[in-house]
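Report on one structure; see the data block that follows.
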């Protein structure tokens, strides 16, 4: 399994760490194996700064294998498919592999039938699914993901990425987590629990890379990944 994070992290047993590069933060390119370039949730609901986004992809591919999310539209399968058809070739032309986000995958998967096999990786929202917060309702989000994983991975042979999953979602997935190809975590410097926060006198943000690494590993253990 590949875990994309925004800070360079050494590998641990069973987990390969990659670089998460977004319009908000892209400081790990060239320091951490594979790279995932992500448009980010903010830009799925507003105008995409396409030129700047493509520049990030250009920079990433110069340092190695790169996957790039083709700009999607939050909670809108039809517009997401239209965007994929419009922008996928531009992503490929820069040397990156395409990631197709399946918005509303739990009840609108048929909308993607024409493009599913064109993508190198398909991605399932695992932080927010339309009107559902996965941190607040991890059981519901995990159940939706589990049902579609069986079809996408077992029946169709696709690689599946989870977008920003909450730890409780990963934990709830249980054995189904083995079918996940990769996921990303943007907030690896945030305290994974109240005990970690107390260690720093109530501060929630890691002050250095070593603390961030230790907290990330704690979070992965809580999530059942390692």
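The values are calculated or read from the model by the stated rules, or taken from the named source; none is laboratory data. What you see is a predicted model, and the numbers here were worked out from it, not measured in a lab. Here the Cβ is made from the backbone with ideal geometry for all residues, glycine too, and neighbour counts use every protein chain on show.
Residues in segment 160-175 that are crowded, with 22+ Cβ neighbours inside 10 Å, in a helix (DSSP H, G or I) and within 15 Å of the chain's Cα centre (by Cα): 169, 170. Criterion applied to 212, 123, 142 was being under 30 Å from residue 82 (Cα atoms) and assigned to a helix (DSSP H, G or I), and the one residue passing it is 142.
So in segment 64-88, with the set limited to residues that are surrounded by fewer than 18 Cβ atoms within 10 Å (Cβ to Cβ) and more than 27 Å from residue 32 (Cβ to Cβ), which one is nearest to the chain's Cα centre (by Cα)? Here the residue is 75.
Okay, residues lined up against (1) part of a helix (DSSP H, G or I); (2) in contact (Cβ under 8 Å) with a residue 40 or more places away in the chain; (3) surrounded by fewer than 22 Cβ atoms within 10 Å (Cβ to Cβ):
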{"position": "158", "(1), (2), (3)": "no, yes, yes"}
{"position": "177", "(1), (2), (3)": "yes, yes, no"}
{"position": "183", "(1), (2), (3)": "no, yes, no"}
{"position": "195", "(1), (2), (3)": "yes, no, yes"}
{"position": "198", "(1), (2), (3)": "yes, no, yes"}
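Could you tell me whether any residue of segment 89-96 is at pLDDT 95 or above, farther than 21 Å from residue 144 by Cα, buried (at least 20 other Cβ atoms within 10 Å of the Cβ) and in contact with a strand residue (DSSP E or B) (Cβ under 6 Å, 6 or more places away or on another chain)? Looking for residues that are at pLDDT 95 or above, farther than 21 Å from residue 144 by Cα, buried (at least 20 other Cβ atoms within 10 Å of the Cβ) and in contact with a strand residue (DSSP E or B) (Cβ under 6 Å, 6 or more places away or on another chain), one finds at least one in segment 89-96, hence yes.
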